[in-house]
Every structure is written in structure tokens, then in C-alpha cells.
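Structure first, commentary second.
The values are calculated or read from the model by the stated rules, or taken from the named source; none is laboratory data. This one's a predicted model, so the numbers in the text were calculated from it and none came from an experiment. Quick reminder, even Gly has a Cβ in these numbers, built from the backbone with ideal geometry, and neighbours come from all protein chains shown.
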Amino acid sequence: MVFHLSEIEKKIEYSFKNPEILRIAFTHASYSNEKKGEKNNERLEFLGDSVLGFVVTDYLFRGTNEDEGDMTMLKQAVVSFKPLSLACDKLKLSSYLLVGEKVKITEKLKENLMESIIGAIYLDGGVDEAQKFIIKNLIKPYLVIGGKVLDYKSELNELSSKRHFEVSYELIKKTGLDNNPTHTVAVLIDKKRVATATANGKRQNAEQLVAKKALAILQNKKNGKKHA
């Protein structure tokens, strides 16, 4: 099977010194079982999970004044399966995953793939390169922190005062465990739903994320762009 190395490197914005590491990151155990001699990505997945946890924890410790409990909840907004799977979809990477003939690509496989990629980047380029990848593809899109820089709800409220529209939030569903639920919320502008978002942890995390989406939509409308 042809492995599209250059296409993947372009998507993840990192060029490997040792391309074989990247191929291993995209090789599922089901594929290596069928193709004897192929290494699978389970060890890289294990490594990437630890690197991801460290980078997010370091980011929260240095960049926020949150207590241990809140940092734990915020960390889950990045390291759990949903944001990892979403990031994989956004980068359109799952189609390159080498799997056995009868294996379907699931959300869990996407999560594992992202962790394997992080492990591979760390192994090939060090913690700085892994950190760049994690911050761009996981922390910035999926981690929302109550504060000046990332307080999108306050920013949206300020805009509503200037443009004279009403903002409200609607809980669509709540799933998962009580100590780490997943909330899906919608943001309504003048009682019309304009965007939805899902996030782990507190409901506020999802509200911050959907407020960010609403701000982007309003900015596109101001610039005369159609929102997809």
C-alpha cells in the first residue's frame, strides 16, 4: 500500500527526519497482524498520550491561575477522545491510517492516531515540535479558559451591546459521567440558533466554545462572507 508521506507532513506541518516513524504512527495493529514485519503504533500512542498530558498541564500551570480541580477539568477538554477525534477529522488524517481489511475507522481509532502522531513528532523532533502541534491543533481550538484572552462569552456580550442584539445559550444535551460530563450547547442571537458546540467538563467550556463560533460567524457576515 502506498503511504502518502508528503501529504501527511503538509497537513500536520512537520517534516520528519526519519519518515519511518511517521509510517509506524499510521500503522494500526490490525494492519501489522496481516502484514508480517510491520510495526504498529501502540507504543507511539502510549508515548503520545503522556506527552499530550504533560504539554497541556504545563500550558495550564504557566498560563492560568486555576486551582488543581479546575486545571483537571480544563485538561480533560483537550486530552479526552472527543477533541482528539475532532482534531483528526479537521486535519483529514484518518484516511491515511493503515488498518486491516475488515477494520472500520472509529472515533477511538482517530483518538489513538492523534496520540500516535504526537508521540512520533516528539520522538523525531523533540518536545518543542510536539508542543507546537498540540497547541495549534488541540489547545487553541478546544481549550477555553475564563480570562481576558479566551473569554469569548464576554466578548460576544460586548458586541451584542454595540450592535443591539440579544444573546442566550441553550443546553441541547448532557452526557457522560457526573465528574466529567460532556455538554452540547447552542448559542442564540435574537432567539435564533446560530451555532452549536460540544465540550467536556463544565457547561461553561461548551458555552465559551460556541461563543467563539458565533463571533467568527458575525465577523464573516460583517466582511460579507457566507458562513458554511
Q) How many residues are under 14 Å from ASP124 (Cα atoms) and not polar (S, T, N, Q) if we restrict to the range 1-42? A) 13
Q: Answer yes or no: is there a residue in the range 31-42 that is closer than 16 Å to ILE105 by Cβ, of a type in the set (S, T, N, Q) and in contact (Cβ under 8 Å) with a residue 60 or more places away in the chain.
A: yes
Q. For the range 1-30, which residues satisfy the criterion of being of a type in the set (Ser, Thr, Tyr) and touching a residue at least 12 places away in the same chain (Cβ under 8 Å)?
A. TYR14, THR27, SER30
Q: Identify all residues within the range 18-39 that are surrounded by 20 or more Cβ atoms within 10 Å (Cβ to Cβ) and either acidic (Asp, Glu) or out of contact with any Asp or Glu (no Cβ under 7 Å at 6 or more places or on another chain) (or both); write none if there are none.
A: LEU22, ILE24, ALA25, PHE26, HIS28
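Within the range 189-203, which residues are surrounded by 15 or more Cβ atoms within 10 Å (Cβ to Cβ) and either of a type in the set (Ser, Thr, Tyr) or assigned to a loop (DSSP other than H, G, I, E, B) (or both)? Walk me through it before giving the result.
Here is the first cut: in the range 189-203, the residues surrounded by 15 or more Cβ atoms within 10 Å (Cβ to Cβ) are 189, 194-203.
Hits for the range 189-203 are THR196, THR198, GLY201, LYS202.
Quick check: is even one residue across the range 43-57 in contact with a strand residue (DSSP E or B) (Cβ under 7 Å, 6 or more places away or on another chain) and closer than 21 Å to ASN179 by Cα?
Of the residues in the range 43-57, the ones in contact with a strand residue (DSSP E or B) (Cβ under 7 Å, 6 or more places away or on another chain) are none.
Taking every residue of the range 43-57 in turn, none turns out to be in contact with a strand residue (DSSP E or B) (Cβ under 7 Å, 6 or more places away or on another chain) and closer than 21 Å to ASN179 by Cα.
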Q: Search the range 99-116 for residues that are surrounded by 18 or more Cβ atoms within 10 Å (Cβ to Cβ) and pair each with any residue that is assigned to a loop (DSSP other than H, G, I, E, B) and of a type in the set (Asp, Glu) when their beta-carbon atoms are under 6 Å apart and the residues are at least 6 apart or on different chains.
A: none
Q: Consider LEU44 carefully, then state whether it is farther than 28 Å from GLN208 by Cβ and either in the same structural domain as LEU22 (by TED's automatic domain parsing) or of a type in the set (Ser, Thr, Tyr) (or both).
A: yes
Q: Counting only residues that are closer than 22 Å to ASP58 by Cα, give me the helices (runs of 4 or more DSSP H) lying completely in the range 102-188 with at least 1 of them.
A: 107-125, 127-134
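For the range 50-73, which residues satisfy the criterion of being within 18 Å of GLU115 (Cα to Cα) and either over 19 Å from the mean Cα position of the chain (by Cα) or buried (at least 19 other Cβ atoms within 10 Å of the Cβ) (or both)?
If we filter the range 50-73 for residues that are within 18 Å of GLU115 (Cα to Cα), which is where we start, we get 50-59.
Matches in the range 50-73: VAL51, LEU52, VAL55, VAL56, TYR59.
Can you find, within the range 137-167, the residue that is modelled with the lowest pLDDT among those that are among the charged types (D, E, K, R) and under 17 Å from GLN204 (Cβ atoms)? Step through it out loud before you land on a result.
Initial filter on the range 137-167 (among the charged types (D, E, K, R)): 140, 148, 151, 153, 155, 158, 162-163, 166.
Narrowing further to those that are under 17 Å from GLN204 (Cβ atoms): 148, 151, 153, 155.
Numbers: LYS148: 36, ASP151: 62, LYS153: 80, GLU155: 77.
Filtering first and then ranking leaves LYS148.
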Q.
One residue is enough: does the range 83-105 have a residue meeting the conditions within 15 Å of ILE134 (Cβ to Cβ), touching a helix residue (DSSP H, G or I) at 6+ places or on another chain (Cβ under 6 Å) and modelled with pLDDT under 90?
A. yes
